[in-house]
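The values are calculated or read from the model by the stated rules, or taken from the named source; none is laboratory data. Computed from a prediction, not measured in an experiment: that's the story for all the values here. Using ideal geometry, Cβ is built from the backbone for each residue, glycine included, and neighbour counts are taken over all protein chains shown.
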Amino acid sequence: MDATIVSVGNELLSGQTLNSNLTYIARRLQALGIFVREAYTIKDEESLIHKALSNVETPLVLFTGGLGLTRDDMTKESICRYYDLPLVKHEPTLEKIEAYFVRSGRTMRKTNIKQAYFPDGAHILGNEVGTAPGMILHVEDKTLITLPGPPKEMQAMFKEVERYLEPYGDKDYHRDGFRLVGRGESELEADLEDFYDEHPSVDIASYANLGEIKYLFISKDKAKLHSAMRAFKKRLKPYIVGSFEETLEGNVVHALKSQGKVVSFAESCTGGMLTSRLVDVPGASSVLKESYILYSNDAKNRQLGVSPKLLEEYGAVSEQAVYEMAYRLKQKTGADISLSISGIAGPEGGSDDKPVGTVYFGVHAGGVTKVHQRLFSGDRSMIRKRAVVHALYLLYKVLVPDADA
């Protein structure tokens, strides 16, 4: 089955809000064997919703946004006017909306009542996070699904959508993939120039993010899919850090847990971002011993005892500095692995010898301290995020040096 996604919301076209719903829904549909043929992003205007409906050719259409209580939230109403369907009050839904306001200790407004109106015969999708219900509606030759715009509400509601759509997916498709870190997309693609032609029956797509790249393999032939994946792993095994569905930080926490090890961090330019990403993983408290944000030279000296003379001679962004930070962090915390980061995130502070984007990493493990240096591109935020990904990659490779991803 093919699908179309229609994202409704002025904020999506103003540059103020990222359309994360589109990528989430497309990914979840693909897992069901349903493929997005086209997508529209439009303002909250009835004429544009009608135009999208008149252009759509797929049997499945999913709308996000425009289900709120304001006058410009008109997705549901516009759909019904397009198909000349009357809206009727759905009392069970109204009772749920009223109960939501009672639980939250707020007063329900009269404008919320419009959220309880639906065309006759629609399957109502309950909203356990907010007040705007969605619906699944069969009309003419199409199935229309409306979902709220806020990602948390949409994702919670989409679980029921997945259960409903599962029988309609193409079960002949098989999918799998890898997550890679340590090389840029252009470098990887150069290595794979002949690879795609060698596996014509497998659709291979790359999805690049800051410092990470996912490769997704899709094919109706399971044996050929696995053959392509084995060949891919043979070429790029040093950069594979797990399945495309797994997170790098999740794999790091799992490896630390399984080996009974703990880690400590000393962050300078990343300012706690590495620690934050690790603790996003449930159970990280059992593997993270301590973490320090040591932005100034004085802090590096006071907390870890890094020599002011060393910092003055070589600079805080240097091989010597991160070596000393990682080594002394081990002495202070007793962690199995200690990792330090120091770099120049910009936009100022660079030099000919150490341009903006220069980042040093110190890793102490097994009684040995090693230093790694990278030059990252991008603005300040991108450099810091790429440094965090690379730090996790170094940590993963210490824990699983011969990973058979």
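General observations
- Any hit, segment 122-140, residues being more than 18 Å from residue 46 (Cβ to Cβ), more than 25 Å from the chain's Cα centre (by Cα), acidic (Asp, Glu) and not in a strand (DSSP E or B): yes
- Residues that are over 16 Å from residue 26 (Cα atoms), in contact with a Lys or Arg (Cβ under 7 Å, 6 or more places away or on another chain) and of a type outside the set (D, E, K, R) within segment 200-218 comprise 201, 202, 210, 211, listed in sequence order.
- Count of residues meeting criterion [in contact with a strand residue (DSSP E or B) (Cβ under 7 Å, 6 or more places away or on another chain) and farther than 14 Å from residue 274 by Cβ] in segment 377-402: 1
- Residues satisfying the stated conditions in segment 237-279, i.e. at negative phi and among the small types (Gly, Ala, Ser): 243, 250, 255, 258, 264, 266, 268, 276
- Residue 179, sole failed condition from (1) of a type outside the set (Ser, Thr, Tyr); (2) assigned to a helix (DSSP H, G or I); (3) within 25 Å of the chain's Cα centre (by Cα): (2)
- Residue match in segment 327-342 (condition: surrounded by fewer than 20 Cβ atoms within 10 Å (Cβ to Cβ) and acidic (Asp, Glu)): no
- Segment 363-391 - residue that is closer than 12 Å to residue 345 by Cα and surrounded by fewer than 15 Cβ atoms within 10 Å (Cβ to Cβ) and, of those, modelled with the lowest pLDDT: 377
- Residue list for segment 3-19, filter: modelled with pLDDT of 95 or more, over 18 Å from residue 73 (Cα atoms) and not aliphatic (A, V, I, L, M): 4
- Sole exception among (1) out of contact with any Asp or Glu (no Cβ under 8 Å at 6 or more places or on another chain); (2) surrounded by 15 or more Cβ atoms within 10 Å (Cβ to Cβ); (3) assigned to a loop (DSSP other than H, G, I, E, B) for residue 261, by number: (1)
- Subset of segment 237-251 that is touching a Phe, Trp or Tyr at 6+ places or on another chain (Cβ under 8 Å) and under 13 Å from residue 213 (Cα atoms) - its residue that is surrounded by the fewest Cβ atoms within 10 Å (Cβ to Cβ): 243
- Hits in segment 182-192 - residues which are among the hydrophobic types (A, V, I, L, M, F, W, C) and assigned to a helix (DSSP H, G or I): 188, 190
- Filtering segment 6-47 to residues that are closer than 21 Å to residue 81 by Cβ and in contact (Cβ under 8 Å) with a residue 40 or more places away in the chain leaves 6, 7, 8, 9, 10.
- Residues within segment 325-361 that are closer than 30 Å to residue 259 by Cβ, in contact with a Leu (Cβ under 7 Å, 6 or more places away or on another chain) and among the small types (Gly, Ala, Ser), tallied: 3
- Segment 91-105: number of residues that are in a helix (DSSP H, G or I) and loosely packed, with under 14 Cβ neighbours inside 10 Å: 7
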